[in-house]
Amino acid sequence: MIIGCKPTTESCSDFKTGTFIQNLEEFDALIYSSRTEDGFQRDSSRFGVSRYKLKWNTDCNFESTLIETTIESSKKYIGRKYYVDVMKVLSNKEYIYNCRVDGIDFQDQDTIVKTY
């Protein structure tokens, strides 16, 4: 749980589209993401590929619904919403986010870097 931290008031428009990379150190894995103007995100890693539908609620807050995945352990989450808040913009290419998942006792905070 994150205490005393609230979403940023900075602009997050640079993060709505593009390609991104995230280092999951606890799993020794990288996630490569691409977000398109029509509101879809595709994640790929050594575990497989997942596809999400994004709904931006504000400039720095969006809902991400898992619509398909090749990762067996994640297939049970198809249709679930992930609620994402950009907590801090570090630069025009890097931000810290907070994520929680609908119906699951899960919360994550990590850094994502825009690569294009």
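Of the residues making up the stretch 1-19, those that are over 19 Å from Thr58 (Cβ atoms) and either among the aromatic types (Phe, Trp, Tyr) or at pLDDT below 85 (or both) are Met1, Ile3, Gly4.
This table checks each residue for (1) among the aliphatic types (A, V, I, L, M); (2) modelled with pLDDT under 90; (3) open to solvent by less than 50 Å² (accessible area, probe 1.4 Å).
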| position | (1), (2), (3) |
| --- | --- |
| Glu37 | no, no, no |
| Phe40 | no, no, no |
| Lys53 | no, no, no |
| Thr58 | no, no, no |
| Ser74 | no, no, yes |
| Tyr95 | no, no, yes |
| Phe106 | no, yes, no |
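Being modelled with pLDDT under 95 and surrounded by 16 or more Cβ atoms within 10 Å (Cβ to Cβ): is that true of Cys99 here? Taking the combined requirement at face value, the residue does not satisfy it. For the stretch 94-114, filtering for residues that are touching a helix residue (DSSP H, G or I) at 6+ places or on another chain (Cβ under 9 Å) and of a type in the set (Val, Ile, Thr) leaves 3. Evaluate the following for Tyr116: is it open to solvent by 70 Å² or more (accessible area, probe 1.4 Å) and aromatic (Phe, Trp, Tyr)? Answer is yes for this residue.
The values are calculated or read from the model by the stated rules, or taken from the named source; none is laboratory data. Note that the structure is a prediction, hence the values are computed from the model and not measured. FYI the Cβ positions are ideal-geometry reconstructions off the backbone, even for glycines, and counts take in every protein chain you see. These accessible areas exclude ligands, DNA and RNA; they are computed on the full protein's heavy atoms, side chains included. Shrake-Rupley method; radii C 1.70, N 1.55, O 1.52, S 1.80 Å.
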